[in-house]
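Only one structure is covered here, and it is reproduced in the block below.
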Amino acid sequence: MTSETAAELDLYQDVVMDHKRAPRHFGTLAAPTHQARGQNPQCGDDLQVALVVDNGRVSDIRFNGQGCAICIASASMMTEAVLGQEVALAQALQARFRAVLTGQMVSEEAPLGKLVSLAGVRHYPGRIKCALLGWHALMHALAAEAKSDNSALEVTP
Amino acid sequence: MGDAFLIDPLEPDAVRAQFPVLAQRIYGAELAYLDNAATTQMAMPVQEAMRAFEQHDRANIHRGVHALSQRATDAFEHARSSLKRFVGAGADHELVFTSGTTDALNMVAHGLSTSGMHPAWLQAGDEIVVSGLEHHANLVPWQQVARRTGAVLRVLQPDAQGRLHAADLRPLLNARTRVLALTACANATGERPPYEDLLQLAADAGALTVLDAAQAMAHAAPALSSLACDFMAFSGHKMYGPMGTGALVGRRVALEGLEPLRYGGDMVAWVSATEASFAELPARLEGGTPNVAGAIGMAAAAGFIDGVGRDRIDAHLNALREHAVAGLAAMPGVTVLSAHSRVSAIVSFVADRVHPHDIGTLLDQRGIAVRTGHHCAQPLLEHLGVGPTTRASFALYNTHAEVERLLAGVAHALKVLQ
C-alpha cells in the first residue's frame, strides 16, 4: 500500500499541490470593481473573488477564503489564467474548464493551459464542485454590475 | 425472527459473513466501511426476514379479512412489540413507525405546535431548549416551530471540549419551558451527553422531553422506562436495518397529545363527508400504508443486535474508537473532537492545513470509506471553532486491523497534503 494511488497521480499532481501550498493572488483588493462570494455548505468551502475590470480586461484579481486543496489550487490557477485577459476570454475559459470537468468535452479538444492538471477531477464526481467554486464566484462577480454584490452562492456543477 | 445468532464480535469472520456487502474491493483494496454513523450495512437475517414477508405474506394491513392481510397485520404488530421490548418500553409507552429519525422528530415538532381538537402545546412566549450538539434534524424543526408559534428557542451550549453540563441547563429552565430536545450521541463529534440527568431536569421543570437516539440505538441504547423521556426517535438504517424506516416511541399520553402530521386512511375512526374522528394510538399517527417489510426488517435488526449482545457490541465499538483516538491524537497537527468520550462509536477529527475532503478522497483510494464535511451539524462545529471534519464511525463488523488501515491512511494523506 505504499505505491501512489490513482488520486495521487491524477488529482494531487505536484502543480496542484504547489498552488494549494502557495496560492497565487491570495488576498483582497482595496478598490475592486467586481466581487462575489462562493460557498459550498456541505463541505464548508468559502471563497471570495475580487477583481478590477478596466476596458473589458481583468487588470487585477485576488481571492481569499478557505477550501480543500482542489478548491484552492483551482482558484489560484484561475487568477493566473485570467489576469490581464479580456473578460470574454475568461468566460470562455471557464466554459471550457467546466465542460471538461463535467465530461461534455475532452481536454484534448479544449485548451486549458496549466488548468489541464485539474482535468483528472472529472473522475471524482463528488469533487467537481470543489474545482468549480472559485470559477463560479468569478462568473458571478463578472455578471454583477454593482461592485457591492457580496451575496453568497452555492455551486452546482 | 431475530432470535439468538450467537455471534462473537471478536470473531470478525463470523460477523462479516452476515454482511456480504463488506466482501468487496474498492480500487483494488479491501473495503473498510467506516461510515456507519451515516448508515450501517444490513445484516443477512434482516434481509431474509424482509424477503420472507415479501415472498409469502405481503398484503395490506388492518383492513382485509383474508389470510395474507391477517398475516401481514400480525407480522407488523409483532415487529412493533419486538421493538418496544428492544428499547425498554413499558406498559405506558407506545411505538409508532416512521420513515426515520428525521420524520419522527418532525412529527413531534409539528404535533406539539399545531392545534387540533385541543390548543397546541406550544404557544407564543413559550420556550424550547435544544442542545448545541444536535443534528440539523433535531434543530431545524424547532427553529421553524419557534418561528411559526412565536415560541423562544434557547440553546444549551456545550463547553469548549464539546461537553454538555446539567449546571448549564438549570438557568435555561423556567415556567415557560415546554420542550427539551436533546441527542443521545452527537453525530458530528461522538459526544455522549449526560442525557439521563438533562431529561430529568427538564421534566421536573414541566417540559416535554425529546431524545434523538439515532446514533445510540445500535449499541448503547437507552432503556426508555428508566428515562424521563416523553419522545424518543431512532432509525432502522443505523442499526443494521433497512433504509427509510424508523420509529417514534414514547409515553402514550404524550403521543396522544400530538396533532397528526398525516391525515388519511388507517388513522381515522369514522369519517363523514365533512368531518372525521381519529383512531387510537398507534394508528392515529400512522396514516397511509406503512413500510411493513421495513418494520419487519427493523425488528429483525433489533433481534440481530440482541443475539450478539448489546454489551458486547458496545465494548467492541468503544475499543475501536479508543484505538482510533489514540492513534489519531498522536499525529502532529491532528485534533480529535470529544477525545474524552469513552462510550461512542464515532471519531471525528481535524488536521492543520488539510481539508477533510482531500483526506476522504485519499482514504477512499485505499478502500476506506469515511464521511467528511459538516455532518449536518454546522452550528456545533462553528461553536467548537473547527469547521468541517473527517469522521470515522464503527459498527460491530469493523476490526482493529481496519483501524490500523485508517491510521496508516490518514498519516499518508497528511504526508501528501501538508
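Taken together, the values in this text are just the output of simple stated rules run on the coordinates, not laboratory data. Here the structure is a predicted model, which means the values were calculated and not measured. Here Cβ is always computed from backbone atoms with ideal geometry, including for glycine, and neighbour counts include all displayed protein chains.
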Qualifying GluC sites (Glu not before Pro) for region B:264-320 [loop in DSSP, other Cβ within 10 Å: at most 13]:
B:275, B:280
So what's the convex hull volume per residue for the Cα atoms of region B:374-418, in Å³?
94 Å³
Post the alpha-carbon centroid distance, region A:87-145 to region B:372-418, in whole angstrom.
29 Å
Counting only DSSP beta bridges fully inside the protein assembly as shown, the antiparallel percentage to nearest 5 is 65 percent
Dipole-positive endmost among B:83, B:36, A:63 within the protein assembly as shown (Cβ charges, Cα centre):
A:63
Could you give the semi-axes, largest first, of the ellipsoid that matches chain B, computed as the square roots of 5 times the alpha carbon gyration tensor eigenvalues and rounded to whole Å?
36, 29, 17
For chain B, give the share of DSSP beta bridges that are antiparallel, in percent and rounded to the nearest 5; count only bridges with both residues there.
55 percent
Tell me what chain A gives for mean residue ellipticity at 222 nm when only DSSP H runs of n ≥ 4 count, each as -39,500 (n - 2.57), the sum divided by the residue total, rounded to 500 deg cm²/dmol.
-11500 deg cm²/dmol
What net charge is computed for the residues neighbouring residue B:253, neighbours being all others with C-beta under 11 Å from the C-beta of residue B:253, Lys and Arg scored +1, Asp and Glu -1?
-2
Can you tally the net charge around residue A:66? Count Lys and Arg as +1, Asp and Glu as -1, for every other residue whose Cβ sits under 10 Å from the Cβ of residue A:66.
-2
Calculate the dipole size of region A:3-157 relative to its Cα centre from +1 charges on Lys and Arg beta carbons and -1 charges on Asp and Glu beta carbons; express the result in debye to the nearest 20.
160 debye
Using only atoms on other chains, find how many Cβ atoms lie within 10 Å of each Cβ of peptide A:66-73 and report the average.
4
Taking only the alpha-carbon atoms of the protein assembly as shown, what semi-axes of the equivalent ellipsoid follow from 5 times the gyration tensor eigenvalues under a square root, in whole Å, largest first?
45, 29, 24
Summing +1 per Lys or Arg and -1 per Asp or Glu among the other residues with Cβ less than 9 Å from residue B:127's Cβ gives +2
Determine, for each peptide in B:291-299, A:100-108, B:199-207, B:385-393, the mean count of other beta carbons within 10 angstrom over its residues, then list the peptides with the highest first.
B:291-299, B:385-393, B:199-207, A:100-108
Which value at 222 nm does chain B reach when only helices count, each DSSP H run of 4 or more adding -39,500 (n - 2.57), with the total divided by all residues and rounded to the nearest 500 deg cm²/dmol?
-10500 deg cm²/dmol
Alpha carbon convex hull of region A:6-147, projected area averaged over orientations, nm²:
7.9 nm²
Reduced to Cα centres, the span from region B:135-214 to region B:58-125 in Å works out to 23 Å
Hey, got the average number of other protein chain Cβ atoms within 10 angstrom for residues in B:352-360?
6
